[in-house]
1. Before I look further, what does the range 37-169 give for accessible area per residue, probe 1.4 Å, in whole square angstrom?
2. Which of rounded, prolate or oblate describes the chain when judged by the alpha-carbon gyration tensor and an a/c cut-off of 1.5?
3. Explain nothing, just the number: relative contact order of the chain, from Cα pairs under 8 Å at least 6 residues apart, as a whole percent.
4. Run the numbers for Glu110 and Asp37: contour at 0.36 nm per residue of separation, minus the present Cα-Cα distance, in nm.
5. In sequence order, what are the phi-derived ³J(HN,Hα) couplings for the range 12-18 according to the Karplus relation 6.51 cos²θ - 1.76 cosθ + 1.60 with θ = phi - 60°, rounded to whole Hz, with x for glycine and proline?
6. With the crude spin-label approximation of a point 7 Å out along Cα→Cβ, what separation in nm comes out for Ala78 versus Ser144?
7. Which whole-Hz couplings ³J(HN,Hα) result when phi for each residue of the range 201-217 is put into the Karplus expression 6.51 cos²θ - 1.76 cosθ + 1.60, θ = phi - 60°, listed in order with x for Gly and Pro?
8. What's the angle, to the nearest 10 degrees (0 to 90), between helix 172-187's Cα axis and the longest principal axis of the chain?
Amino acid sequence: MAARLGVVSVVQAVIASLRTRIFSGELAPGTPLGEVDVAAHYEVARPTAKAALENLVASGLLTRNAHQSARVTRLSSADARDIYRTRAIIEAEAVRLLASTSRVPEAAREANAEITALSEASPIQIVDPDVRFHSALVQALGSSRTSAIYGQLSDEIRLCMTQVQDATLLNTCDIADEHARLLEKIAAGDQQGAAELLARHLENASDRLSAHLDSLAAGFQQA
């Protein structure tokens, strides 16, 4: 049993490292990740590398076609719109429910305070607190099932946010201001206003990322 736990620990360590490298941009979209190369890089057994890659394929961070190495997922504009549309459905209902009792999650306030403090920092640095801000809205419902469903999107959501901020598509101060206004509407019990503001907030990010991805795709086709 102890040996098996050790193997699981190594797999999780490889997964964590690969996720960090993907979200930091070190492993760019389209980068191939073969089992042999991953095993060599981390000095682990090939089955360990395979298990880590399969986990990341399941989470959407890697894409693998039959008989080919896994690659870091290259989002299309359709992918981005679908991810944002799906999260908007969940988050909009979350803010309505929170506004119905004027309950503002303290974790959301804290995350937005971090974003505000990072106004002069690199845009990529706000990805983590931005993810935590939106997650806090869903987690505050106290529903394990809703949280689990949202959690299944978490890596793809972070991948979207990373690409938005890495391309500097949104201003940090604007993001913090919109978050603050959203929390104000929740505190005021404005269910419809909170849901509409959230929808606009996500739609703006979705539109900008989709246009950026279309531009990149056009460049790949011409290359």
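The values are calculated or read from the model by the stated rules, or taken from the named source; none is laboratory data. Everything quoted here is computed from the prediction, not taken from an experiment. Glycine gets a Cβ as well: all are built from the backbone with ideal geometry, and neighbour counts include every protein chain shown. Calculation scope for accessible area: heavy atoms of the full protein, side chains included, ligands and nucleic acids excluded. Shrake-Rupley method; radii C 1.70, N 1.55, O 1.52, S 1.80 Å.
1. 50 Å²
2. prolate
3. 25 percent
4. Result for the pair: 22.3 nm of gain on full extension.
5. Once rounded to whole Hz, the list reads 5, 5, 5, 4, 4, 5, 5.
6. For Ala78 paired with Ser144, the spin-label model returns 3.7 nm.
7. 4, 6, 5, 4, 5, 4, 4, 5, 5, 4, 5, 5, 5, 5, 5, 5, 4
8. Between the helix axis and the principal axis of the chain, the angle is about 50 degrees.
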